[in-house]
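Taken together, the values in this text are just the output of simple stated rules run on the coordinates, not laboratory data. It should be emphasised that the depicted structure is a prediction, and the values quoted were computed from it without experimental measurement. Here the Cβ is made from the backbone with ideal geometry for all residues, glycine too, and neighbour counts use every protein chain on show.
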Amino acid sequence: MMNFQGSHILSVSQFDRDAIARILDVSAQMAPYAARQKRCHVLDGAILNNLFFEPSTRTRVSFGTAFNLLGGFVRETVGEENSSLSKGESLYDTAQVISGYSDVIAMRHPKMHSVAEFAEGSSVPVINGGDGANEHPTQALLDLFTIQSEMSRFDKGLDNLDIVLMGDLKHGRTVHSLSKLLSLYKNVKVTMVSPNALQMPDSVLSTLDNAGHQVVVTDKIAGSLACDVIYQTRIQQERFESKEEADLYRGHFSLNKQVYQQYCKNHTVIMHPLPRDSRPEANELDTDLNELENLAIFRQAQNGVLVRMALFALTLGVENSLKDYERPVNWYTNKG
Ligand code: NCD
């Protein structure tokens, strides 16, 4: 079993099935705290530094919220222009300094492998919140947690899953990480729906192939969506040369209620890492899907808090002490 305490979390490749089962199990134990049924102050006094050098809503705020829910303090640097990286400081030097101020660091950066480079200079665990088009391991873990919990409604699990990944599969780091994690399970069928120019990188396809899974690559929605889970993604405009180039691919695979009813199964669950691009020319997931019980996108975003709480507890070695640090909730809450 992987030893989490003191470890960086940089890539999903560092996990095996047992490690993932442990993360998902500890995540589930966080539910009463996230639902404000109880508090847990096991990280009282600990400091998280959130370093976000690319736009972020969910990842940044849920990392911070997760740490606060365990009793820790959060400091935040947002935007490279507000950091000495813009004065030419190296990632290594920044890591040496910030890790001296922290117990754990979460970082997002536009360059592939930059978070691993940063981690080399850090004396505390570093958690990758997305490094360019490379990986987004914590998102993939919360996606897996979501698939597991959504599929349990239909007596299904992570094995024998029939999943469609759709949209910008070339630049989408969440689908890169998720595909690698899915390759660890049994008898997975993955259908990759994207414009030809935005296909899943070969290295990711071969991870699934080598694990013996069925992989279908297509640019057609018709006939492709009768599955357990559709995982829609955004055209990653920031990874293109220009907005005009990204515009060429916007709106190809919009999903709305009519498309859902025509092509999906009754139980097909819809996921998206968010943000969804709701501009009319993209309209990735139409708001007319909001009324469907199988639209899991906001439950998925909520699960990010649980999984990030679990990762903090595991990397800081307190996952077995949660109960010892519980307290009642004193304020009005309608969450539980
Ligand atoms: C994703 C990301 O940043 O990779 N967002 C997220 O973290 N939930 C997906 C995206 O931006 O399209």
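Under 10 Å, Cα contacts only: if you run a Gaussian network model on the chain, which one of LEU205, LEU144, LEU292 comes out with the highest mean-square fluctuation? The residue that fluctuates most here is LEU292. Non-local lysine pairs in the stretch 72-196, meaning eight or more places apart or on different chains, with alpha-carbon distances under 16 Å, amount to 5. Placing +1 on the Cβ of every Lys and Arg and -1 on the Cβ of every Asp and Glu, with no other charges, gives the chain a dipole of roughly 860 debye about its Cα centre.
Report, to the nearest 10°, how far helix 91-100 tilts away from the longest principal axis of the Cα atoms in the chain, using its own Cα long axis and a range of 0 to 90°. Long axis of 91-100 versus the principal axis of the chain: about 50 degrees. Taking each DSSP H run with n ≥ 4 as -39500 (n - 2.57) and averaging over every residue of the chain yields -10000 deg cm²/dmol at 222 nm.
The Cα-based radius of gyration and maximum Cα-Cα distance (Dmax) for the chain are 19.7, 56 Å.
GNM, the chain, Cα, under 10 Å: largest mean-square fluctuation among LEU225, LEU142, LEU248? Maximum among the listed residues: LEU248. Between 0 and 90 degrees, the angle of helix 58-69 with respect to the longest Cα principal axis of the chain falls at about 40 degrees.
The C-alpha atoms of the chain define a longest principal axis, and helix 137-152 lies at about 60 degrees to it. Scalar couplings 3J(HN,Hα) for the stretch 127-135, obtained by applying the Karplus form with A = 6.51, B = -1.76, C = 1.60 to θ = phi - 60°, are 10, 6, x, x, 10, x, 7, 6, 9 Hz; x denotes Gly and Pro.
Measuring between their Cα centroids, the stretch 5-84 and the stretch 176-199 lie 26 Å from each other. Considering only PHE73, PHE154, PHE53, the Gaussian network model of the chain with Cα springs below 10 Å gives its largest mean-square fluctuation to PHE154. Within the shell defined by Cβ-Cβ distances under 14 Å, the residues around GLN139 carry a net charge of +3, with Lys and Arg each +1 and Asp and Glu each -1.
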